[in-house]
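Each remark here refers to the structure printed beneath this line.
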């Protein structure tokens with residue numbers, strides 16, 4: 001998510017950068033406008049809060065001096081200001097929520113060296129390995145799932161029976177191969193990484209903080225009762241391990 005402080009400091013620069021990747025200028029303009037309104041309301045709320053604090057001190061002094069009537073008048077002013085403070089705070093919070101919701105839908109600022117573009121069609125090929133499918137015979141150009149079924153590694157029919165289309169069951173050597181590849185990956189990198197096994201269900205804020213919500217909400221599995229989401233990859237919980245923490249420099 002875009003740093004609101006960076007947007008405040010250089011709105012045109014951020015808007016131009018987002019434009020390089022086809023971002024929505026209208027949404028950014030709206031963020032700038034709503035954020036300015038929110039800051040004005042927050043400042044007004046703080047001013048009213050300061051007035052209430054001063055009145056509270058004056059009320060205490062009047063009571064000590066035995067001036068109950070005057071103290072009562074100031075208390076009434078304080079109550080009225082309290083209602084104003086609550087109203088300003090509610091408006092400021094509402095605007096802050098709108099700003100956050102808009103920012104969550106805006107892509108991050110691209111690095112300077114990234115090519116401009118709004119989608120895959122604008123990607124720049126960095127390297128290309130020459131591959132000629134025609135150089136292989138028809139019998140060699142077989143989808144992996146067909147090979148897996150023929151060798152008894154996959155059971156597509158029963159996978160679909162259990163879970164629907166796009167699911168597969170690994171059987172026999174297929175299941176063994178999956179386990180072996182996972183173990184090989186762990187063993188191969190044992191000296192470089194610390195092995196972790198994070199939860200497979202996470203809170204909404206965990207998905208939001210990694211950019212998966214709200215953008216991919218329709219493509220994710222959500223348990224409404226507990227407000228938990230099935231993670232799409234381990235990236236989600238691992239990236240959030242140190243969220244909202246200040247880490248000591250290694």
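Any read-out appearing in this document is the output of simple, stated calculations on the displayed coordinates, not a laboratory observation. In this text the structure is predicted, and so the values were computed from the model without any measurement. No Cβ is skipped: glycine too gets one built from the backbone with ideal geometry, and neighbour counts run over all protein chains shown.
Under 8 Å for C-alpha pairs, at least 6 residues apart: give me the relative contact order for the range 132-194, rounded to a whole percent.
So the answer I get is 22 percent.
Please give the Cα centre distance for the range 204-250 versus the range 40-118, rounded to the nearest Å.
Measuring centre to centre over Cα atoms gives 31 Å.
Assuming 0.36 nm per residue, please report the length gained on full extension of the stretch residue 47 to residue 121 beyond their Cα-Cα distance.
Here the answer is 21.4 nm.
Is the chain rounded, prolate or oblate when judged by the Cα gyration tensor, a ≥ b ≥ c being the square roots of its eigenvalues, rounded requiring a/c under 1.5 and prolate requiring a/b larger than b/c?
Prolate, since a/c reaches 1.5 and a/b exceeds b/c.
Pick from 119, 105, 19 the residue whose mean-square fluctuation is largest in a GNM of the chain, springs joining Cα atoms under 10 Å.
Top of the fluctuation ranking is 119.
For Cα pairs less than 8 Å apart in space and 6+ apart in sequence, what is the mean separation divided by the residue count of the range 122-250, i.e. the relative contact order in percent?
14
Based only on other Cβ atoms within 10 Å, what is the fewest-to-most ordering of 205, 150?
150, 205
So if we plug the beta-carbon distance of residue 182 and residue 80 into 1/(1 + (r/R0)^6) with R0 = 51 Å, what FRET efficiency do we get, rounded to 0.05?
Calculated transfer efficiency: 0.15.
Compute the relative contact order of the chain as a whole-number percentage, counting only Cα pairs closer than 8 Å that sit 6 or more residues apart in sequence.
Relative contact order, the chain: 17 percent.
Would you please state the base-10 log of I(q)/I(0) at q = 0.17, 0.21, 0.28, 0.29 1/Å for the range 196-245, with intensities from the Debye formula using one equal scatterer on every alpha carbon?
Taking Cα atoms of the range 196-245 as identical point scatterers yields -0.44, -0.67, -1.14, -1.21.
Which of rounded, prolate or oblate describes the range 154-215 when judged by the alpha-carbon gyration tensor and an a/c cut-off of 1.5?
oblate
Using a 10 angstrom cutoff on alpha carbons, build the Gaussian network for the chain and name the most mobile of 84, 176, 204.
Per the Cα network of the chain with a 10 Å cutoff, 176 tops the list.
I need the calculated FRET efficiency for the pair residue 36 and residue 241, taking r as the beta carbon distance and R₀ as 45 Å, to the nearest 0.05.
With R0 = 45 Å, the Cβ-Cβ based efficiency is 0.80.
Rounded if a/c is under 1.5, else prolate if a/b beats b/c, else oblate: with a ≥ b ≥ c from the C-alpha gyration tensor eigenvalues square-rooted, which is the range 4-104?
Prolate, since a/c reaches 1.5 and a/b exceeds b/c.
Exposure proxy check: 206, 233, 160 ranked by fewest other beta carbons within 10 Å?
Arranged by neighbour count, lowest to highest, 206, 233, 160 become 233, 160, 206.
Does anyone have the angle between helix 173-188 and the longest principal axis of the chain? Alpha-carbon axes, 0 to 90°, nearest 10?
For 173-188 against the chain, the angle is about 60 degrees.
Once the Cα atoms of helix 25-64 and of the chain are each reduced to a long axis, what angle between those two axes, in degrees from 0 to 90 to the nearest 10, is obtained?
40
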